[in-house]
1. Mind listing just one residue for me: the one in region 90-102 that is within 13 Å of the chain's Cα centre (by Cα) and either closer than 13 Å to THR127 by Cβ or without any contact (Cβ under 8 Å) to a residue 24 or more places away in the chain (or both) and, of those, nearest to the ligand (Cβ to nearest atom)?
2. Could you grab me the full set of residues in region 1-31 that are part of a strand (DSSP E or B), more than 8 Å from the ligand (Cβ to nearest atom) and within 15 Å of the chain's Cα centre (by Cα)?
3. Would you point out which residue out of SER105, SER115 is crowded, with 22+ Cβ neighbours inside 10 Å, assigned to a loop (DSSP other than H, G, I, E, B) and touching a residue at least 40 places away in the same chain (Cβ under 8 Å)?
4. Could you check, for region 54-65, whether at least one of its residues is outside any strand (DSSP E or B), out of contact with any strand residue (DSSP E or B) (no Cβ under 7 Å at 6 or more places or on another chain) and more than 12 Å from the ligand (Cβ to nearest atom)?
5. Sort out which residues of region 24-36 are in contact with a Cys (Cβ under 8 Å, 6 or more places away or on another chain) and surrounded by 13 or more Cβ atoms within 10 Å (Cβ to Cβ), and write them in order of number.
6. Here is a list of conditions, (1) of a type in the set (Gly, Ala, Ser); (2) assigned to a loop (DSSP other than H, G, I, E, B); (3) crowded, with 21+ Cβ neighbours inside 10 Å, and GLY81 meets all of them except one; can you say which number that is?
7. Within region 43-50, is there a residue that is at pLDDT 95 or above, small (Gly, Ala, Ser), crowded, with 17+ Cβ neighbours inside 10 Å and within 17 Å of GLY107 (Cβ to Cβ)?
Amino acid sequence: MSTKEKLLVSACLLGANVKYNGKNNLINISKLKEKYEFIPFCPEVEGGLPTPRPPSEIVSNNPLRIINISKVDVTRYFLKGAKKALNICKNLNIKKALLKENSPSCGKNFIYDGSFSKTLKAGQGVTVALLIKNSIKIFNENEICYL
Ligand code: SF4
């Protein structure tokens with residue numbers, strides 16, 4: 001059994017083809033393997049959405065509302081994925097997560113603004129918001145040096 005600290009990682013950053021377009025966001029984080037055991041996770045897939053899937057954006061935070069580009073409300077899938085992420089963190093005693101910036105699930109500092117025009121605004125993805133609320137530390141792919 002590994003004694004390394006566990007790190008929740010956006011599955012797409014590890015090369016899993018789980019992005020909305022069926023691709024991934026692979027980055028080289030092999031150095032982190034010396035310190036962490038990676039726990040790959042994709043909140044949108046775990047929430048029940050297919051891959052590929054239409055892109056989704058958060059259109060309202062209060063109340064939370066997420067729609068895909070075809071205007072279908074997909075909020076419940078995002079919430080389910082976020083809850084599953086939190087459960088995994090609790091069950092495996094995970095305190096840190098490395099998550100993909102700009103995603104409506106995994107974005108830490110920026111998300112798309114809900115207009116489907118590739119416009120970013122300051123904000124958090126659904127999974128990130130729930131994990132932060134539960135004291136899990138979030139890092140994006142530009143903050144790997146802090147891990
Ligand atoms: Fe990657 Fe997160 Fe999007 Fe899944 S939801 S594809 S893990 S950024």
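1. Residues of region 90-102 within 13 Å of the chain's Cα centre (by Cα): 96-102.
In the following step, the residues that additionally are either closer than 13 Å to THR127 by Cβ or without any contact (Cβ under 8 Å) to a residue 24 or more places away in the chain (or both) were identified as 97-102.
On the way: ALA97: 10, LEU98: 10, LEU99: 6, LYS100: 4, GLU101: 8, ASN102: 8 Å.
Among those that are within 13 Å of the chain's Cα centre (by Cα) and either closer than 13 Å to THR127 by Cβ or without any contact (Cβ under 8 Å) to a residue 24 or more places away in the chain (or both), it is LYS100.
2. Filtering region 1-31 for residues part of a strand (DSSP E or B) gives 5-10.
Then drop every residue that is not more than 8 Å from the ligand (Cβ to nearest atom), which leaves 5-9.
Correct list: LEU7, LEU8, VAL9.
3. Result of the check over SER105, SER115: SER105.
4. Within region 54-65, the first condition is being outside any strand (DSSP E or B), and the residues that meet it are 54-55, 62-63.
Filter once more, keeping what is out of contact with any strand residue (DSSP E or B) (no Cβ under 7 Å at 6 or more places or on another chain): 62-63.
Those left that are additionally more than 12 Å from the ligand (Cβ to nearest atom): 62-63.
Within region 54-65, one or more residues are outside any strand (DSSP E or B), out of contact with any strand residue (DSSP E or B) (no Cβ under 7 Å at 6 or more places or on another chain) and more than 12 Å from the ligand (Cβ to nearest atom).
5. Filtering region 24-36 for residues in contact with a Cys (Cβ under 8 Å, 6 or more places away or on another chain) gives 24-26.
ASN24, ASN25, listed by residue number.
6. Answer for GLY81: the failing condition is (2).
7. Taking region 43-50 and keeping what is at pLDDT 95 or above, we get 43-50.
From the residues that got through so far, the ones that are small (Gly, Ala, Ser) too are 47-48.
Okay, now just the ones that are also crowded, with 17+ Cβ neighbours inside 10 Å, so 47.
Still in the running and within 17 Å of GLY107 (Cβ to Cβ): 47.
Looking through region 43-50, at least one residue is at pLDDT 95 or above, small (Gly, Ala, Ser), crowded, with 17+ Cβ neighbours inside 10 Å and within 17 Å of GLY107 (Cβ to Cβ).
The values are calculated or read from the model by the stated rules, or taken from the named source; none is laboratory data. All figures in this text were calculated on a predicted structure; none of them were measured in a lab. Cβ atoms come from the backbone with ideal geometry, glycine included; neighbour counts cover every protein chain shown.
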